[in-house]
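One structure is given below, encoded as structure tokens.
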Amino acid sequence: MTATKSILNIRAIILLSFSMCLSQTVFSITTTWLGTTNSSWGDASNWDNGVPGISDIVIISAASNYPSILANQTIAGLTLNSGTSINLNSYKLTVTGTTSIESATVNGSGLLKITGGTSHLIKSSTVNTPFNLTMDGSSGTSYIDDNTFNNPVIIVKKGTGGNFYTGKSSSTTIGDTYNDDVTLADSSSSGSLYFCYDGVNNITGDVSYQNISTTTYLFDRSTTTITGDFTYDHNEVTTTLYTTYNTAADLTITGNFELTGINGHFYFGHDSNSSSISGALTLRRSSGNYNTYIKNVSNSTTGGDIIFEDVNALIVKDCSLVLDSMHLDDCNTITFNTNTVTANHGLVDLNTSSAAHYYCYSNNLTISNMYYSTSGTSGYLHTGTNGTTSTLYGDTHVGNVYAWGTGSGGIMYFASRGSNSISGNLDIIASGAQFQLDYYDSLTVGGNITALHTKGSFLGNYSTSYLSVTGDIHVTRNSTASNFTLSSSGTLDLTGDFNLTNSHTGTITIGTSADLTLGSDFTINNTANATLSVGSASDLTLGGNLTINSTGNAIMKIAVSATTFNGSGNFTVTNSGTGAVDIASGAGDFDLSGNFIMTGTQGGFLTINDNTGTFDVLGNMSISDINNHFYFGNNTNASNISGQLTLRRPTALNYHTYLRQ
């Protein structure tokens, strides 16, 4: 009896367990809409396999009545065949699996929410309700193309793989129309979301994109118009971002365009397309040593900025930008050309160890303060040229320009070729890199030129070089400097003063085979054992006074071999060093309207007009404290002093004194 009860108990337990398993098992069926009775979703007579449940797959086929839901529904899959429709009224239809809507219509004010599945197709349809679609899986491809969405749209890509295209299907590339806001998000670990990939896309509303995924393609080969703002947050995830990168792409945005948190290679625009933004433009990446290409991009409204730090390869070309600031820092390579930029602040910085040449040219920059810098150990940064001699380019700057060579090596060639202009001031620091100003052609500066720690040359080595400065030129050389040349060839026109302060050895050359016209005063203050050469083999015209104060043992050569020296003011040299001084000892003519005054200990050889030129001073001529050999005049032409002549040697010294004609 006991054994029989035990057997019965075991059977009961088995039956109970089986019953519980049956109650927990959900069977998926496919049910097709017939619509034979009415449009009620909940009427079983309208379905061939019963009213769909949470795990069922729904197919809507052609019928005399189309479904209308009267409560929130959840199903596992949905297919709307061609010519069909569904009315959500004010309710939510959630689809947890694959969805296909082709040449169909979704009506109502509710929400069509697709939360899963790896391969979706929304094509040639009209969606009149808010629409959410999520692709979630490790593979598969989803497409949205040739649709009209009349309410807000949310598109999400998740999972570990697969690709999601909008503006494209497997067989068409027509594009979509969105008549409300679009929100995009991508958190997948592989695959890409291609938004507005192809075709003609029109969006009337704002677009926002939150991306923490891999490679992203925006407007890749489409013609897209957004009547609203576009906001993209890359959230500092390392990835590559392509925007209108294909030759067929054109982008028009009537609002603002903002891409922030970029942390990877960034490619925006193409040589053969255009991206036009009516509002403010903001592009930002904080670090990463990645490529940055911006081509054929324009915007029309201030308020944004372009900030890229630590750039591997920089290309910015054919852009028309209105910004608050443009900051392109630590670039390993640079191509910056044919751009029109309006901003308060601008920076282009070359930081490289490669001994290669990089170019900025044909730019029109209305930037209040524009900075060019070389901060690396090597490299050659050129402005005003692309490196060829056959085509002249040049740059136009409206505002102040700062050219800073602060790296340990390399050369900056500023305003190297073509016609260059700066409406404001030019500030130069060459504490590390060599500096060349106006190497081949022309530069016009509307303000002052201030040069600090300068090594290198102004006004290049070519007869075609032309430098015109409306303001003053101030040059300061200290212990970091080497040789310095101003106008080794070409022409210099200076309206204001020229001031040179030198505290370092080396050679300072001002005018060699050049035409120098200085409209006001010319002042040199020297405290080093340097060599000063002014107006050698040059035409030198001074509108003001020439003043040289030297406490170092400098060798001075002034108007030596000059074609002409024409001074409207006084010529004053105060020299307490022992270096030799040579003035007007060439075949040219020396004409001075003011007084000629030399004071100091004059410890070196002093030679004046010791060749075949003429020497005319309309004022007085006074030389005191001659403490070495003194040679004045030549046997060919007379030296004429209209005023008083005073020549003094303070003590009986055993030196030569030659006075001729």
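The values are calculated or read from the model by the stated rules, or taken from the named source; none is laboratory data. From a predicted model like this one, the values you see are computed outputs, not experimental measurements. All Cβ positions, even for glycine, are placed from backbone atoms using ideal geometry, and neighbour counts span all protein chains on display. Heavy atoms of the whole protein, side chains included, go into the accessibility calculation; ligands, DNA and RNA do not. Shrake-Rupley method; radii C 1.70, N 1.55, O 1.52, S 1.80 Å.
From the list T252, T282, exactly one residue is assigned to a strand (DSSP E or B), open to solvent by 50 Å² or more (accessible area, probe 1.4 Å) and modelled with pLDDT of 90 or more. Which is it? Please lay out each step first, then the result.
On the way: T282 fails: open to solvent by 50 Å² or more (accessible area, probe 1.4 Å).
Answer to the check: T252.
Taking the stretch 175-237 as the region of interest, the strands (runs of 3 or more DSSP E) fully inside it that hold 1 or more residues being in contact with a Phe, Trp or Tyr (Cβ under 8 Å, 6 or more places away or on another chain) and not small (G, A, S) are 182-186, 193-195, 200-204, 207-211, 216-218, 230-233.
The set of residues in the stretch 613-661 that are open to solvent by 60 Å² or more (accessible area, probe 1.4 Å), among the β-branched types (V, I, T) and within 24 Å of G569 (Cα to Cα) is empty. Report the residue count in the stretch 43-54 for those that are surrounded by fewer than 18 Cβ atoms within 10 Å (Cβ to Cβ) and either closer than 26 Å to D136 by Cβ or in contact (Cβ under 8 Å) with a residue 40 or more places away in the chain (or both). Qualifying residue count, the stretch 43-54: 2. When the stretch 55-89 is filtered for residues that are open to solvent by 50 Å² or more (accessible area, probe 1.4 Å), within 18 Å of G116 (Cβ to Cβ) and not in a strand (DSSP E or B), only N72 remains.
Can you spot a residue in the stretch 647-658 that is at pLDDT 80 or above and touching a Gly at 6+ places or on another chain (Cβ under 6 Å)? Checking the stretch 647-658: not a single residue is at pLDDT 80 or above and touching a Gly at 6+ places or on another chain (Cβ under 6 Å).
Cβ-Cβ under 7 Å, sequence separation 6+ or interchain: first residue in the stretch 265-290 and without any contact (Cβ under 8 Å) to a residue 60 or more places away in the chain, partner of a type in the set (F, W, Y) and open to solvent by 10 Å² or more (accessible area, probe 1.4 Å). Which pairs? That search, which allows pairs on different chains as well, returns H265/Y290; F266/Y290; Y267/Y242; Y267/Y245; Y267/Y293; F268/Y293; H270/Y245. Of the set (1) closer than 23 Å to T531 by Cβ; (2) more than 59 Å from the chain's Cα centre (by Cα); (3) not in a loop (DSSP other than H, G, I, E, B), all apply to L659 but (1).
When T391 is tested against the conditions (1) of a type outside the set (D, E, K, R); (2) open to solvent by 10 Å² or more (accessible area, probe 1.4 Å); (3) within 25 Å of G424 (Cβ to Cβ), the lone failure is (3). Going by the conditions given, is T352 at pLDDT 95 or above and of a type outside the set (A, V, I, L, M, F, W, C)? No: the conditions fail for T352.
Kindly evaluate T160 against the criterion of being farther than 18 Å from D145 by Cα and open to solvent by 40 Å² or more (accessible area, probe 1.4 Å). Considered against the rule, which asks whether it is farther than 18 Å from D145 by Cα and open to solvent by 40 Å² or more (accessible area, probe 1.4 Å), T160 comes out as yes. Summed over the stretch 102-135, the residues that are of a type outside the set (K, R), assigned to a strand (DSSP E or B) and crowded, with 20+ Cβ neighbours inside 10 Å give a count of 10. Each residue in the stretch 548-568 was checked for being within 26 Å of S489 (Cα to Cα) and open to solvent by 10 Å² or more (accessible area, probe 1.4 Å), and 9 of them qualify.
Any residue at all in the stretch 557-567 that's under 27 Å from G446 (Cα atoms), in a strand (DSSP E or B), modelled with pLDDT under 85 and basic (K, R)? No, the conditions are met nowhere in the stretch 557-567. Checked against the criterion of being touching a residue at least 40 places away in the same chain (Cβ under 8 Å) and touching a Leu at 6+ places or on another chain (Cβ under 8 Å), the candidates G586, G633, G643, G604 yield just one match: G643.
Please verify whether G269 is of a type outside the set (V, I, T), on the phi > 0 side of the Ramachandran plot, out of contact with any helix residue (DSSP H, G or I) (no Cβ under 7 Å at 6 or more places or on another chain) and surrounded by fewer than 23 Cβ atoms within 10 Å (Cβ to Cβ), treating the condition exactly as stated. The answer is no for G269. State yes or no: is K113 in contact with a Gly (Cβ under 7 Å, 6 or more places away or on another chain), over 20 Å from S170 (Cβ atoms) and among the charged types (D, E, K, R)? So K113 does not fit the description; no.
Within the stretch 19-39, none of the residues are in a helix (DSSP H, G or I), surrounded by 10 or more Cβ atoms within 10 Å (Cβ to Cβ) and at pLDDT 95 or above.
Just one of the listed residues (G424, G409) is in contact with a strand residue (DSSP E or B) (Cβ under 6 Å, 6 or more places away or on another chain), at pLDDT 80 or above and surrounded by fewer than 24 Cβ atoms within 10 Å (Cβ to Cβ), namely G424.
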